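Structure first, commentary second.
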Amino acid sequence: MNEQPPLKHGTLSLKRHINAPRELVYRAWTQLEHRKHWFAGPAWTAITRSVDLRVGGQEIAHGRFENGTETVYTARFHLIDQNVRLIYAFDMLVAGKPFSVSLAGVEFAERSSGTD
């Protein structure tokens, strides 16, 4: 029997304030032309990149780092409340092997000084 490493579970919660209207922040989070600028960094080259922003739709970011290592990020959207919140699950493969599986919830709260 192959010995497997123990499962790890964690929770991450971040809060940011952005001095921009909620609709603009939402577009920056969801539209491909914006996401492709901040997704993985300068040492990563996209092979396939797509976003189908609808419930049941998916996002794919398949790329390669300078050292040849390929990564595949695949997300499926479960709840979309435009300009308000998103819930999606995603997994990541690194060098063809499972790396992580996550559930994400993002809220866009309008404030007088911008968006939280």
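In summary, V25 fulfils each of the numbered conditions (1) touching a residue at least 60 places away in the same chain (Cβ under 8 Å); (2) in a helix (DSSP H, G or I); (3) in contact with a helix residue (DSSP H, G or I) (Cβ under 6 Å, 6 or more places away or on another chain) with the single exception of condition (3). Would you check if R49 is charged (D, E, K, R) and either touching a Lys or Arg at 6+ places or on another chain (Cβ under 9 Å) or part of a strand (DSSP E or B) (or both)? Here the answer is yes, as R49 does meet what is asked. Only one entry of E59, E33 meets the criterion of being outside any loop (DSSP other than H, G, I, E, B) and surrounded by fewer than 14 Cβ atoms within 10 Å (Cβ to Cβ), and that entry is E33.
For H9, the stated conditions hold: it is modelled with pLDDT under 95 and at negative phi. Listed by first and then second residue, the pairs with beta-carbon distance under 9 Å, at least 6 apart or on different chains, first residue in region 80-97 and closer than 18 Å to V51 by Cα and assigned to a strand (DSSP E or B), second among the basic types (K, R) and at pLDDT 95 or above, are I80/R54; Y88/R76; A89/R76; F90/R76.
Please determine, by comparing only the residues of region 70-101 that are modelled with pLDDT of 95 or more and among the small types (G, A, S), which one is nearest to K15 (Cα to Cα). Once the filter is applied, the top-ranked residue is A89.
The values are calculated or read from the model by the stated rules, or taken from the named source; none is laboratory data. The shown structure was predicted, so the numbers you read here are calculated from the model rather than taken from an experiment. Virtual Cβ from ideal backbone geometry, glycine too; neighbours counted across all protein chains shown.
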